[in-house]
Structure formats: structure tokens, C-alpha cells
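Have a look at the structure below, then the notes.
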Amino acid sequence: MRVKVCGITLEEQLGNLISAGATFAGFIFYPKSPRYVLHRMDPGQIKKENRINKVGVFVNAPPEEVLQTVDDCRLHLVQLHGDETPKYCEKIADYISVIKVFRISDADNINWRIKDYRDVCDMFMFDTEGQVYGGTGKKFNWDKLSEIDIGKPYFLSGGIGPDDVTRLKEFAARPAAKDLFAIDINSKFELAPGVKDLAAIKKFTEAINT
């Protein structure tokens, strides 16, 4: 099971993510986030790391800003976490692979939410609905993903922590989880916002893949 560690802010930790079992490193380019990467790293530090898949996380940013950041940091994927339209996503996807995030509530019809994005995005991510953009540290009802055919590889996000190994394995074993591509983790594996507990991440990645 692939793991994306989001909210990376320290160069040393970025260099140690692969040994901790991560496949993707997520960098938040949203200035209002406590994990805004440019407070602690510059684009050159991000650019020179090429051993891991680098994902830039953006929230309603101007397309030109996104594409410039992709070049400056040599990103491999873009994760759109705001209210980006299908047309916006298509414009970015012409340049780089796009993950569109959907923040899910119990009342959501997921099939209706994603239908206009299927043809313009490369992957989806399902996170928990909250009052502000970004993670809530809480889970949504994963059973809602079992009700439809997603039709795209997707990341599962939203409050996933060290104690969720068994639940994740059980979910991944369902036929309805055939499009599950990766697990997205963040705040439950931190010592402080943007400072990861690499030992906990390594223990988690080993546990879900045994």
C-alpha cells in the first residue's frame, strides 16, 4: 500500500521519507496553513530532492502561480484542495498530473461530486469535510466509497493514524476498494505542525504492508 506523507516542511525529514516507507511527499503551498512549506524551505531545497514523488498542494491558487511553482520546485503531481472547477483542473492537467480533492460529509452524493471531474483529472483524493480548507484530523464514513464505482485511482485521507492499520487492511480488501491507490497521512504522525514522527511513519508503513 502506497503512503503519501503530507505537510513536509523540513529538508532533513524530506530526505528520510523513503527510508520511512513513503512513496509520496506532500508540500503545502497554501499560506494560511500552519504547514506552509515556504516558511521553512525554499524552492531550491525542494527541487533538488528527486528520489521521491513530490506533490504540491494548492488551494484556489491562480493557475500561473501553480505552474510556476511546479517548475521552481520540480514537482511531479499537483493536488488541488480548494473549489477548483473542472475547467481549472483541465488547464493544470495539460501540464502535470492532477489529484483533485473532495471533502466528504455524511450527506454527500460522491458520484455527483466527482462526475464532472472524471475526464479532466488523473486521480482523486477523498478527505473529511471541515470548516476551513485543509485536513481536519477526522475521518469520514469510508463506506460511502463502497457505494459507487470511482473509476479513477484515489488517495484515502482524513485523520488516518497509527491505530488504523487493521481498518485500512479490511477496507483495502473489499472489491469496492479496487481503485484505492494510496493512503494520505499528516497530523496524526506529527510531533508538531509540519514536524513528522518518522519512527511512527516507518512503523505504520511496515504494518500495513505485512
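List of remarks:
- Structural descriptor for the chain: relative contact order 21 percent, calculated from alpha carbon pairs under 8 angstrom and at least 6 residues apart.
- Taking the helices alone, the chain has a mean residue ellipticity at 222 nm of -7000 deg cm²/dmol, built from -39,500 (n - 2.57) per DSSP H run of at least 4 residues and averaged over all its residues.
- Counting lysine pairs in segment 25-126 whose alpha carbons fall under 17 angstrom apart, excluding pairs fewer than 8 residues apart on the same chain, gives 5.
- Arg167 paired with Lys138, simple spin-label distance in nm, labels 7 Å along Cα-to-beta-carbon: 1.3 nm
- Using the 1.4 Å probe convention, the accessible area of the chain works out to 46 Å² per residue with neighbouring protein chains retained.
- Here the Gaussian network model covers the chain, with springs between Cα atoms less than 10 Å apart; of Pro175, Pro86, Pro31, Pro175 fluctuates the most.
- The portion of the accessible surface of the chain made up by carbon and sulfur, rounded to a whole percent, is 48 (1.4 Å probe; DNA, RNA and ligands excluded).
- Antiparallel %, DSSP beta bridges [both residues in the chain], to 5: 5 percent
- Listed by chain and number, the lysines whose C-alpha is less than 18 Å from the C-alpha of Lys203, apart from same-chain residues fewer than 8 away, are Lys4, Lys169, Lys188.
- Note that segment 27-41 has calculated 3J(HN,Hα) couplings of 10, 8, 9, 10, x, 7, 7, x, 10, 4, 5, 6, 6, 10, 10 Hz, one per residue in order, obtained from phi through the Karplus relation 6.51 cos²θ - 1.76 cosθ + 1.60 (θ = phi - 60°); glycine and proline are x.
- Radius of gyration over Kirkwood radius for the chain, both on Cα atoms: the Rg/Rh ratio is 0.93.
- Among Arg174, Arg74, Arg51: highest mean-square fluctuation, GNM of the chain, C-alpha pairs under 10 Å: Arg174
The values are calculated or read from the model by the stated rules, or taken from the named source; none is laboratory data. None of the values given here were measured: they were computed from a predicted structure. Cβ atoms come from the backbone with ideal geometry, glycine included; neighbour counts cover every protein chain shown. What goes into the accessible areas is simple: the full protein's heavy atoms, side chains included, and nothing from ligands, DNA or RNA. Shrake-Rupley method; radii C 1.70, N 1.55, O 1.52, S 1.80 Å.
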